[in-house]
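Student: Dumping the structure here so I can ask a few things about it.
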Amino acid sequence: MTRPLCIWILSAVLLVFTTPATAQEDGCDFDLTEVNALLAQAQTAYAAGDLVTALNYVDQAQAALAALEADCLAAGGPQLLRLALLTPDDLPSGWLVQSEPTSLSAPPATLFCATIEATFQTQGVQVSYLNSTAPLGLVEAIYYFPDEDAAEYFALAQSAAQSCYGVEWQQLYGGETTINATLASLPITVLGDESFGAILTNTGLPDVNTLQTDTLYIRQGSYIIAIALYLAGDGELDDVQALALAQLALQKLTQFEGSTLTSTAVDNAELFLVALGVGNRDAAGDLVCDSARDSLDDLFGLFETQAGDGTLNLADIACQVDDNQRISCAFTVEITANEQTQRHPQNITFLLDDTGKICGSE
């Protein structure tokens, strides 16, 4: 049973949490020694009454954890990112795989009639499908930007598309045939953090003469999805179908993010409890879901009462992921007062939402 934040915390004398020296996610090992050292310095500074320095160390620890998480996903590479691609089970009937998922080393430097000068280090994957009942094709690519460059690349891609609207240019098809190309804007409902659409029309192709392609770019945090739905030959391409496929792709990416939250969820739980330890209500509030935020005052009051005039120490921490929405922790709270130390073994399972924020426990 899920209990409100102010109630589930009563089951523990005090809650404290730190990460082990190393962690592993989907085959990715990374060293958390530096992060642990920063958190220990935060605790020492707080015990000495220096809240400003303590919070500074917490901020440094949070930045270090974010960098480690990005490195871990990048290390997982295309093998991990392929889980975010659409599969035949995700698509309406009639779609068959044309080419299996392949790795991409960088996003396109040439987009429509324009060239993007900046270079970006990314992990990317791509898959393509053909429709068995109509002359339709579908290409999906996903790029992950570990250096948080997704917003910059998206802005450059959108600017490149806008510069090509109403322009006619020529390009090679199949490396040997010159075809004509024009581009128009494709109005779409906003998807993800940012999105834009374009309608590319090619003429002069062998056999089919005309190729129409609806292209949609969607930025979701550090990811960019590129969807291309194309119609070979005569007829009218269904823009609504292109949008529906883009929505499916965004939904699949969101599910992927939820299933790879292990390190994010552990980080959030750690930082949440550290924020409690240093008395930072704002930082703690940013790490819980909306339904739990109203109970933070009661939680902070409980911590202050339990600590009394003593000092706190965090020890014997061991946490593991139960599943995508739960983090279980066993730990010991050491309360030192009047030159005596009391030790309180504790266990708790955090309940998480899809973003890794804490919404309660069981």
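Student: When the chain is fully extended, how far beyond the present Cα-Cα distance does S328 get from A244, taking 0.36 nm per residue of separation?
Tutor: So the chain would gain 26.4 nm between S328 and A244.
Student: Also: Sorted by accessible area with a 1.4 angstrom probe, largest first, how do L205, L55 fall?
Tutor: So, going from the largest accessible area down, we get L55, L205.
Student: Now for a separate question. Starting from the 7 Å offset along Cα-to-Cβ, what nm value, one decimal, do you get for the label separation of T115 and Q342?
Tutor: 7.2 nm
Student: Pull out the extension gain between D90 and Q162, defined as 0.36 nm times the separation in residues minus the alpha carbon to alpha carbon distance; nm, one decimal.
Tutor: 22.8 nm
Student: Hey, what do the phi angles of the range 286-297 turn into as Karplus ³J(HN,Hα) couplings, whole Hz, using 6.51/-1.76/1.60 and θ = phi - 60°, x for Gly and Pro?
Tutor: Whole-Hz 3J(HN,Hα) from phi for the range 286-297: 6, 10, 10, 6, 4, 5, 9, 5, 5, 8, 5, 4.
Student: Which value, in Å², gives the accessible area per residue of the range 101-215 when a 1.4 Å probe is used on the protein heavy atoms?
Tutor: 48 Å²
Student: Using the per-residue mean of other Cβ atoms lying within 10 Å as a proxy for protection, in what order, highest first, do the peptides 37-47, 210-220, 292-302 fall?
Tutor: So the peptides 37-47, 210-220, 292-302, ranked by packing, come out 210-220, 37-47, 292-302.
Student: Calculate, for T102 and D207, the FRET efficiency according to 1/(1 + (r/R0)^6) with r their C-beta to C-beta distance and R0 35 Å; round to the nearest 0.05.
Tutor: For T102 and D207, the calculated efficiency is 0.90.
Student: Moving on. Apply the Karplus parameterisation 6.51 cos²θ - 1.76 cosθ + 1.60, with θ equal to phi minus 60°, to every residue of the range 149-166 and state each ³J(HN,Hα) to the nearest whole Hz, in sequence, with x for glycine and proline.
Tutor: Residue by residue, the range 149-166 yields 9, 4, 5, 5, 5, 4, 4, 5, 5, 5, 5, 4, 4, 4, 5, 9, 4, x Hz.
Student: How large is the dipole of the range 127-252 about the Cα centre if only Lys and Arg carry +1 and Asp and Glu carry -1, each at its Cβ, rounded to the nearest 20 debye?
Tutor: About 120 debye.
Student: Sort the following peptides by mean Cβ neighbour count (other Cβ atoms within 10 Å, averaged over residues), highest first: 105-115, 189-199.
Tutor: Highest mean packing first, the order is 189-199, 105-115.
The values are calculated or read from the model by the stated rules, or taken from the named source; none is laboratory data. Note that this is a predicted model, so its numbers are computed, not measured. No Cβ is skipped: glycine too gets one built from the backbone with ideal geometry, and neighbour counts run over all protein chains shown. When the accessible area is computed, the model is the full protein with side chains, heavy atoms only, and any ligands, DNA or RNA have been set aside. Shrake-Rupley method; radii C 1.70, N 1.55, O 1.52, S 1.80 Å.
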